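Asker: Got a structure for you, written out below as C-alpha cells; questions coming shortly.
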Amino acid sequence: METETILSTLDNNKEELYFKAKEKKENYYNNIVTFSRNLFVPVTHQCRNRCGYCGFVSDDVSSWIKPDRYQMLLNKAKEANCKEILITLGEKPEEKYQTARDFLSKYGFDSTVKYVENFCELALKENLLPHSNLGILSLEELSLLKETNASMGLMLETSSERLMEQGKPHHLSPGKKPSLRLKTISTAGQLKIPFTTGILIGIGETWEERIDSLQTINEIHLKYNHIQEVIVQNFNPQPNTPMAEWSPPSDEEVLLILSVARLILSHSISIQIPPNLNKTRIIDALESGANDVGGISPVTIDYINPNMEWHKEQTLHKQLIDSEYELIERLPVYPQYEKYLNSRLRDIIEEYHKNEETLYSNNR
Ligand code: SF4
C-alpha cells in the first residue's frame, strides 16, 4: 500500500483499514496466537547511549550479571520449561565506561559481544536457545553470534533521522542512528540470521515516519527473507527520565498502527504486541493485526518496563480462549527459518519438537 493511500484511509476510512488488516491476518494465521516461554537476561544496564525515554540505563558497574548468577538463572529457566534465553543489555558499554572494560577484562574478555557469546555457549550446553539483542553489530560480530543464537534482534524503533536532533529522544544516542541500525538488520539478512525487529511508537514520530519505518523493514525482508517478526512497541513513560511526563499513545493509535503494519508487512512476518504493555486492549490488538505476544517469562520481570507485570501464562491462555483464540508456544526461531541454523542448534530444536508436539511447527 502506498503512503498516500494509507494516510488518506487513516483520515477517511479507519474501518476499512481494520477490516483489511484482520482479513489478511486471518488468512495466514487463522486464530493462532504464539508466544515464547523465556528467561530475560539483562546482562548490563551500562550503555553508551542516553535515550530520552529509557528507564533501563545505569552507570553502575554492579548491574553486570556475573557467570555464576547467570548459571543459576539458566537452572531456573530449565526448571520452568523455558526454551529461550533472551539476552539484552545497554549498547557497547565498554566504549563509554572504564569500569565496564575492567569488568570484562577480569573475566577474560575484551568486548561485551564476546562476554555474551560465552553466555550463549553456556545456554546451549543446557539445551536452551539464545536470542541476543545487543544493539548495532558489525558483520564479524553477527557472524560470531550466529553460531550460538537461534535468532537475533534489533529494534529499528524508527527510520526518522529527525529524532536525533537536539531536544529529540535520540539526540544523545549515536547507536540509534537509523542508517546504522538498518545496516545491522541488512547484514543479518546477508548472513541468514532469523531476525526480530520493530518500531517504537509514541516518541514524537509522525504517521509518515511510522509508515516509512515499516516500509523500510519490509523492503529489507523482501531482499533477504530473514525478518520473522516485527514488534509494535508502544512508548511507556518511565519515572526519572526526560520523557516521564509524556503521554503514551492512545488505544486508537496503537490499534491503527497495528493494522497499518499488517497491511504493509509481508504476510509471513509475525506482528508482535507486548502483552504487558497492552493488557486492557490485547484482544483488540489481535483483532487489528497482531498474531504474537512475544516472550513471557515465568522466572523474570520485564526489565525494560518493570512497572508492567507480565501475564501469567494460564491467565492469558484463558483470556484468549474466551475470545476464540488459541495460544501456542513457539521457539525463538520460527519454523520456516530453522533451515538457516547450524546442526548444533537444529539438533536442540528437533528434540524440542519431538518431545513437545504442541509446539508451533511447520506441520500446523
Ligand atoms: S533504550 Fe537501549 S540504547 Fe537507549 S539508553 Fe536505554 S539501554 Fe541504551
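The values are calculated or read from the model by the stated rules, or taken from the named source; none is laboratory data. Predicted, not measured: the structure shown is a model, and the values here were computed from it. Cβ coordinates were reconstructed from backbone atoms using ideal geometry, including for glycine residues, and neighbour counts include every protein chain displayed.
Asker: Any idea which of 33, 43 is at pLDDT 95 or above and more than 15 Å from the ligand (Cβ to nearest atom)?
Answerer: After ruling out the rest, the residue left standing is 33.
Asker: Next up: Mind checking which residues of the range 207-216 are of a type outside the set (Phe, Trp, Tyr) and farther than 15 Å from residue 178 by Cα? Before the answer, list the steps.
Answerer: Within the range 207-216, the subset of a type outside the set (Phe, Trp, Tyr) is 208-216.
The answer is 208, and nothing else.
Asker: Can you pull out the residues in the range 56-99 that are within 16 Å of the ligand (Cβ to nearest atom), assigned to a loop (DSSP other than H, G, I, E, B), under 17 Å from residue 130 (Cβ atoms) and not β-branched (Val, Ile, Thr)?
Answerer: Result: 89, single match.
Asker: Which one of 94, 79 is surrounded by 19 or more Cβ atoms within 10 Å (Cβ to Cβ) and without any contact (Cβ under 8 Å) to a residue 40 or more places away in the chain?
Answerer: Only one candidate qualifies: 94.
Asker: Which residue pairs have Cβ atoms under 7 Å apart, sit 6 or more places apart or on different chains, and have a first residue in the range 1-21 that is in contact (Cβ under 8 Å) with a residue 60 or more places away in the chain and a second that is part of a loop (DSSP other than H, G, I, E, B)?
Answerer: 18/288; 21/288; 21/289
Asker: Given the structure, is residue 117 acidic (Asp, Glu), at pLDDT 95 or above and either closer than 20 Å to residue 294 by Cβ or part of a loop (DSSP other than H, G, I, E, B) (or both)?
Answerer: Numbers: acidic (Asp, Glu): yes; at pLDDT 95 or above: yes; either closer than 20 Å to residue 294 by Cβ or part of a loop (DSSP other than H, G, I, E, B) (or both): no.
For residue 117, the condition - acidic (Asp, Glu), at pLDDT 95 or above and either closer than 20 Å to residue 294 by Cβ or part of a loop (DSSP other than H, G, I, E, B) (or both) - is not met.
Asker: Confirm whether residue 183 is basic (Lys, Arg), away from the ligand (no atom under 12 Å from the Cβ), more than 20 Å from residue 303 (Cα to Cα) and surrounded by fewer than 17 Cβ atoms within 10 Å (Cβ to Cβ).
Answerer: yes
Asker: Starting from residues that are in a helix (DSSP H, G or I) and surrounded by fewer than 17 Cβ atoms within 10 Å (Cβ to Cβ), keep the ones in the range 123-139 and report whichever is farthest from the chain's Cα centre (by Cα). Break it down stepwise before answering.
Answerer: Filtering the range 123-139 down to residues in a helix (DSSP H, G or I) leaves 123-125, 139.
Keeping just the survivors that are surrounded by fewer than 17 Cβ atoms within 10 Å (Cβ to Cβ) gives 125, 139.
Values: 125: 24, 139: 20 Å.
Here the residue is 125.
Asker: Does any residue in the range 318-337 that is free of Cβ contacts under 8 Å to residues at least 60 places away in the same chain come within less than 7 Å, Cβ to Cβ, of a residue that is among the polar types (S, T, N, Q) six or more places away or on a different chain, and which pairs are these?
Answerer: Short answer, once both residue conditions are applied: 335/361; 335/362.
Asker: Now for a different question. Restricting the search to the range 150-176, which residues are under 18 Å from the mean Cα position of the chain (by Cα) and either among the acidic types (Asp, Glu) or more than 30 Å from residue 346 (Cα to Cα) (or both)?
Answerer: Restricting attention to the range 150-176, the residues satisfying the condition of being under 18 Å from the mean Cα position of the chain (by Cα) are 150-159, 175-176.
Matches in the range 150-176: 157, 158, 159, 175, 176.
Asker: Give all pairs with beta carbons closer than 7 Å in which a residue from the range 115-136 that is within 16 Å of the ligand (Cβ to nearest atom) and of a type in the set (A, V, I, L, M, F, W, C) meets a residue that is in a strand (DSSP E or B) and at pLDDT 95 or above; count only pairs at least 6 apart in sequence or on separate chains.
Answerer: 116/87; 116/132
Asker: Name every residue in the range 232-291 that is hydroxyl-bearing (Ser, Thr, Tyr) and either part of a loop (DSSP other than H, G, I, E, B) or at pLDDT 95 or above (or both), in order of residue number. Break it down stepwise before answering.
Answerer: So in the range 232-291, the residues hydroxyl-bearing (Ser, Thr, Tyr) come out as 241, 247, 250, 259, 266, 268, 270, 280, 288.
241, 247, 250, 259, 266, 268, 270, 288, listed by residue number.
Asker: Ok, one more. Give all pairs with beta carbons closer than 6 Å in which a residue from the range 47-68 that is touching a residue at least 24 places away in the same chain (Cβ under 8 Å) meets a residue that is near the ligand (Cβ under 9 Å from one of its atoms) and among the charged types (D, E, K, R); count only pairs at least 6 apart in sequence or on separate chains.
Answerer: Short answer, once both residue conditions are applied: 47/91; 48/91; 49/91.
Asker: Give the residues of the range 271-296 that are surrounded by fewer than 22 Cβ atoms within 10 Å (Cβ to Cβ) and of a type in the set (Ser, Thr, Tyr), sorted by residue number.
Answerer: 280
Asker: Look through the range 295-327, keep the residues that are over 13 Å from residue 276 (Cβ atoms) and in contact with a Lys or Arg (Cβ under 8 Å, 6 or more places away or on another chain), and return whichever of them is nearest to the ligand (Cβ to nearest atom).
Answerer: Ranking the candidates gives 299 first.
Asker: Residue check, residue 8 against (1) among the small types (Gly, Ala, Ser); (2) in a helix (DSSP H, G or I); (3) surrounded by 13 or more Cβ atoms within 10 Å (Cβ to Cβ); (4) away from the ligand (no atom under 14 Å from the Cβ), all met but one. Which one?
Answerer: Of (1) among the small types (Gly, Ala, Ser); (2) in a helix (DSSP H, G or I); (3) surrounded by 13 or more Cβ atoms within 10 Å (Cβ to Cβ); (4) away from the ligand (no atom under 14 Å from the Cβ), only one is false for residue 8: (3).
Asker: In the range 12-55, which residues are out of contact with any His (no Cβ under 9 Å at 6 or more places or on another chain), surrounded by 20 or more Cβ atoms within 10 Å (Cβ to Cβ) and assigned to a helix (DSSP H, G or I)?
Answerer: Selection gives 17, 21.
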